[in-house]
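Q: Below are the structure tokens for one structure; questions will follow.
The values are calculated or read from the model by the stated rules, or taken from the named source; none is laboratory data. From a predicted model like this one, the values you see are computed outputs, not experimental measurements. Please note: Cβ atoms are built from the backbone with ideal geometry, for glycine as well, and neighbour counts cover all protein chains shown. We work out accessible area using only protein heavy atoms, side chains counted, and drop any ligands, DNA or RNA first. Shrake-Rupley method; radii C 1.70, N 1.55, O 1.52, S 1.80 Å.
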Amino acid sequence: WCAVNDDVMGGVSRGGSKIIDGVLHFRGILSLENNGGFSSVRAFGPARDLRPATAIVLRVRGDGRTYRLQLATDASFRGARISYQAPFATQRGEWLEVAVPLDSLEPRFRGQRLRGPPLDRARIKEFGLSLSDGTPGPFALEVDWIRSR
């Protein structure tokens, strides 16, 4: 997993990830200064075919904030990869299984919703998690596993 924060675009949010005992820990501090306000982590790999799936299910323990699941293919807009995103809620300190329907993922570019193209479920090359809820302050999300169903 690699971290991407708004500091690459002028903001000052900080975030990162570590895997501890097989659990992904995504933590940092979200800042709205300098037009900032997001932090994300992404995993890249060979293309995965999710055509048979209807949802992505995650076992997470959060801080009560709403995070976003992100998937990406080769689809691009203005020379950069489009991210297909949908929100999922967490409860502070509680392990939850959250299901994100693949039909709920919307194409986005730098936080703005696009009209298309639709998600090509046969060519998923990137899985990611992000926070951009407009609330400054510390955040923490743990992910035990991610599966398709």
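Q: With a 1.4 Å probe and every protein chain left in place, work out the accessible area per residue of the stretch 1-148 in Å², rounded to a whole number.
A: With the other protein chains kept in place, the stretch 1-148 gives 53 Å² per residue.
Q: Separate question: Eigenvalues of the Cα gyration tensor times 5, then square-rooted: what semi-axes does that give for the chain, in whole angstrom, largest first?
A: With the √(5λ) rule applied to the chain, the semi-axes are 22, 20, 13 Å.
Q: A further question follows. What residue among Val60, Val23, Val100 has the largest mean-square fluctuation in a Gaussian network model of the chain, using Cα springs under 10 Å?
A: In the Gaussian network model the winner is Val23.
Q: Let me ask something additional. At Ala43 and Arg59, where each label point lies 7 Å from the Cα along Cα→Cβ, what is the point-to-point distance in nanometres?
A: 1.4 nm
Q: Quick one: Karplus J couplings for the stretch 65-81, per residue in order, coefficients 6.51, -1.76, 1.60, θ = phi - 60°, nearest Hz, x for Gly and Pro?
A: Result, rounded to whole Hz: 8, 9, 9, 10, 7, 10, 10, 9, 10, 7, 4, 9, 9, 6, x, 10, 5.
Q: Another question, if that's okay. I'd like the projected area of the stretch 1-81, averaged over all directions, using the convex hull of its alpha carbons. Report it in nm² with one decimal.
A: That works out to 7.1 nm², a quarter of the Cα hull's surface.
Q: Tabulate in residue order the Karplus-calculated ³J(HN,Hα) for the stretch 109-117, using 6.51 cos²θ - 1.76 cosθ + 1.60 with θ = phi - 60°, rounded to whole Hz; enter x for Gly and Pro.
A: Here the 3J(HN,Hα) series is 9, 6, x, 9, 6, 10, 7, x, x Hz.
Q: Treat every Asp and Glu Cβ in the chain as -1 and every Lys and Arg Cβ as +1, leave all other atoms uncharged, and give the resulting dipole magnitude about the Cα centre to the nearest 20 debye.
A: For the chain, the charge dipole is close to 380 debye.
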